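For reference, the structure discussed in these notes is given below.
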Amino acid sequence: MTAIYTIWGYYARWTARWPAMAAFVPFVPLIAAWGFIAWLEIFPPVFLPGPVEVVERAWTLLYKGILTDYLADSLSRLAVGAAVGMCIAIPLGVLIGLSRRAHDFAWPILLFFQAIGDIAWLPILLVWFGFGLTTMTFVIVYTVLFPVVLNTVLGIRSVKPELRRAAQSLGASKPRILLEVTLPGALPNIITGLRNGLGYGWRALIAAEIIVGTSGIGFLMFDARRAGSVEEIVVGMIVLGILWYIVDSWFLAPIERATGQRWGLVTS
Amino acid sequence: MKSLALENLSKTYFDPYRGTQHTAIKDVSLKVDEGDFVAVVGPSGCGKSTILNMIAGFVPTSGGRIMVGGREVRGPGPDRGVVFQSFALFPWKTVAENVTFGPKMRGASKEERAKIAEEYLALAGLSHAADRYPNELSGGMQQRVGVVRALANNPDVLLMDEPFASVDAQTRMTLQEELTKIWEERRPTVIFITHDVSEAVFLANKVVVLSKGHVLEEVDIPLKRPRVWDDLVEDEAFKTLSNHVLQLVRRA
Ligand SMILES: Nc1ncnc2c1ncn2[C@@H]1O[C@H](COP(=O)(O)OP(=O)(O)O)[C@@H](O)[C@H]1O
Ligand SMILES: [Mg+2]
């Protein structure tokens with residue numbers, strides 16, 4: 001028993017030093033199981049390649065610069081789409097959150113279009129814009145839009161009325177109240193919306209790349225299917241997971257910690 | 001600081017679910033002189049918050065007038081500082097930023113604000129906590145910030161709605177003594193709402209007993225100052241006055 005505790009102690013200290021490593025550890029048994037099943041060759045290797053083959057393939061793709069190019073393509077599409085989406089969604093959410101009339105007008109429309117999933121737009125988008133960047137950007141903007149709008153509305157409405165009253169009694173004008181009270185109060189929810197939106201947007205982007213892409217991780221995976229390279233498909237899948245982990249835990253989560261959690265608005 | 005007058009004030013709430021009218025305040029008249037400290041007591045639901053919210057301009061009146069320094073109140077404004085039961089500090093602003101929010105809104109420069117922060121944080125005994133966020137402070141400390149945030153904006157009248165009701169009993173007595181001390185030194189015009197009779201008698205020059213939306217009686221509190229709890233707990237005059245007000249509140 002004590003040996004287990006000692007090992008656990010080492011592990012705890014080690015992961016505290018390198019948190020990124022701590023995130024990798026849970027995957028060790030998963031990869032081991034995968035390697036074992038592949039090694040047994042229950043399925044033929046062309047169906048299920050082992051970890052070693054996949055890493056080799058990833059290395060080749062990296063070496064040729066294909067992986068990095070495609071990665072950059074996917075990420076910049078996500079960034080552009082998310083930026084445009086936020087520029088529309090946050091002001092819209094603020095407006096709907098503040099004005100009863102705007103809410104009554106926009107809400108049914110929002111719910112209607114929310115029901116039409118991002119991918120359901122692809123057929124008509126292909127007719128309108130063809131196979132290209134516009135179509136993909138549209139899909140991401142569309143996907144990012146709803147969670148950000150809905151969470152912004154929620155955030156604006158959850159600002160305690162007493163805070164606005166306090167600001168009014170201290171002489172704040174309406175625009176100042178919006179800037180100093182309403183928006184910061186809604187910020188934690190806006191960030192949550194953004195986090196969800198980016199997550200959905202990332203998935204929608206890969207789907208869009210599979211269908212309309214000429215580059216990008218989604219395209220890489222679909223193209224590999226055509227070429228019969230299962231290794232490459234698996235490389236694509238793994239890259240998707242790793243990348244999302246990095247975006248979420250290195251960028252989004254720290255922003256969340258620095259705002260809502262710091263201010264005591266959300267408990268971690 | 002200026003005087004405050006309520007003239008035949010009334011408030012009727014409409015209940016949209018039942019379709020009925022509910023009169024919370026009927027015909028309340030009250031004068032608070034410049035530099036006076038008036039406490040309003042009464043059982044829960046008798047309309048104390050309604051009166052304060054109307055003076056603050058948060059809710060419209062149904063009848064009568066509210067005059068502050070000779071001008072009629074229309075909506076909230078920096079001439080009436082408010083201290084809330086829930087503190088209502090801005091969670092995303094540091095203690096110093098909270099205290100200087102009012103001056104910032106009227107365009108005070110950075111240097112000016114730094115001076116104001118220094119002065120008022122010292123008044124609250126919170127100079128060490130200037131850069132902390134409200135959620136890092138105890139309830140008592142948060143309400144100290146709430147009080148000096150209102151004072152730092154130099155209001156004509158200070159409105160306080162059960163400001164010490166959500167802190168523990170010991171802290172409450174300390175806060176009451178601190179508020180008394182500040183009032184004795186600076187003489188702001190204060191309206192202090194509470195359901196705690198001894199708190200009202202301890203702090204105020206005059207206690208107004210409210211009952212079902214109207215004034216039952218105004219009781220003068222001629223206790224000498226400075227007031228501290230150590231002197232007053234055994235004081236006969238304090239006990240007599242407290243008992244008298246308590247009887248009124250229980251009848252209310
Ligand atoms: N916004 C409101 N709408 C309807 N009725 C209200 C509202 N605010 C207060 N009331 C009613 O007015 C009366 C007085 O309430 P309030 O002023 O909060 O009393 P107190 O602060 O003395 O406890 C109560 O009967 C309460 O139910
Ligand atoms: Mg009340």
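The values are calculated or read from the model by the stated rules, or taken from the named source; none is laboratory data. No experiment lies behind these values; they were computed from the predicted model shown. Cβ atoms come from the backbone with ideal geometry, glycine included; neighbour counts cover every protein chain shown. SASA here: full protein model, heavy atoms, side chains in, ligands and nucleic acids out. Shrake-Rupley method; radii C 1.70, N 1.55, O 1.52, S 1.80 Å.
List of remarks:
- The set of residues in the range B:147-194 being among the small types (Gly, Ala, Ser) and either over 26 Å from B:PRO76 (Cα atoms) or more than 16 Å from ligand 2 (Cβ to nearest atom) (or both) consists of B:ALA150, B:ALA152, B:ALA169.
- Taken over the range B:49-89, the criterion of being farther than 17 Å from B:VAL190 by Cα and away from every other protein chain (no Cβ under 11 Å) is satisfied by B:PRO60, B:THR61, B:SER62, B:GLY63, B:GLY64, B:ARG65, B:ARG71, B:GLU72, B:ARG74.
- Residue list for the range A:183-199, restricted to those being touching a residue at least 40 places away in the same chain (Cβ under 8 Å), under 22 Å from A:TYR142 (Cα atoms), open to solvent by 20 Å² or more (accessible area, probe 1.4 Å) and within 14 Å of chain B (Cβ to nearest Cβ): A:LEU187
- Single residue of B:SER138, B:SER166 found to be more than 17 Å from B:PHE202 (Cα to Cα), in contact with a Gly (Cβ under 7 Å, 6 or more places away or on another chain) and open to solvent by 10 Å² or more (accessible area, probe 1.4 Å): B:SER166
- Residue count for the range B:166-191, restricted to those that are part of a loop (DSSP other than H, G, I, E, B) and within 14 Å of chain A (Cβ to nearest Cβ): 1
- Qualifying residue in the range B:39-47 (condition: without any contact (Cβ under 8 Å) to a residue 40 or more places away in the chain and either within 16 Å of ligand 2 (Cβ to nearest atom) or under 23 Å from B:LYS2 (Cβ atoms) (or both)): yes
- Residue check, A:GLU180 out of contact with any Gly (no Cβ under 9 Å at 6 or more places or on another chain), more than 14 Å from chain B (Cβ to nearest Cβ) and touching a residue at least 12 places away in the same chain (Cβ under 8 Å): no
- Of all residues in the range B:152-163, those being within 11 Å of chain A (Cβ to nearest Cβ), open to solvent by 10 Å² or more (accessible area, probe 1.4 Å) and in contact with a Leu (Cβ under 9 Å, 6 or more places away or on another chain) number 2.
- A:LEU61 being closer than 14 Å to A:GLY236 by Cβ and open to solvent by less than 60 Å² (accessible area, probe 1.4 Å): yes
- Taking the range A:154-268 as the region of interest, the helices (runs of 4 or more DSSP H) fully inside it that hold 1 or more residues being at pLDDT 90 or above and not acidic (Asp, Glu) are A:161-169, A:174-177, A:183-212, A:217-227, A:230-246.
- All helices (runs of 4 or more DSSP H) inside the range B:1-113 with 2 or more residues being closer than 30 Å to B:ASP131 by Cα and open to solvent by less than 10 Å² (accessible area, probe 1.4 Å): B:95-99, B:101-105
- Subset of the range B:185-199 (residues that are in contact with a helix residue (DSSP H, G or I) (Cβ under 8 Å, 6 or more places away or on another chain) and farther than 13 Å from B:LYS48 by Cα): B:ARG186, B:PRO188, B:VAL190, B:VAL197, B:SER198, B:GLU199
- Any hit, the range A:43-50, residues being crowded, with 16+ Cβ neighbours inside 10 Å and assigned to a helix (DSSP H, G or I): no
The rows are residues; the columns are (1) of a type in the set (Asp, Glu); (2) part of a strand (DSSP E or B).
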position: B:ILE193; (1), (2): no, yes
position: B:GLU199; (1), (2): yes, no
position: B:PHE202; (1), (2): no, no
position: B:LEU210; (1), (2): no, yes
position: B:VAL215; (1), (2): no, yes
position: B:GLU218; (1), (2): yes, yes
position: B:PRO222; (1), (2): no, no
position: B:GLU234; (1), (2): yes, no
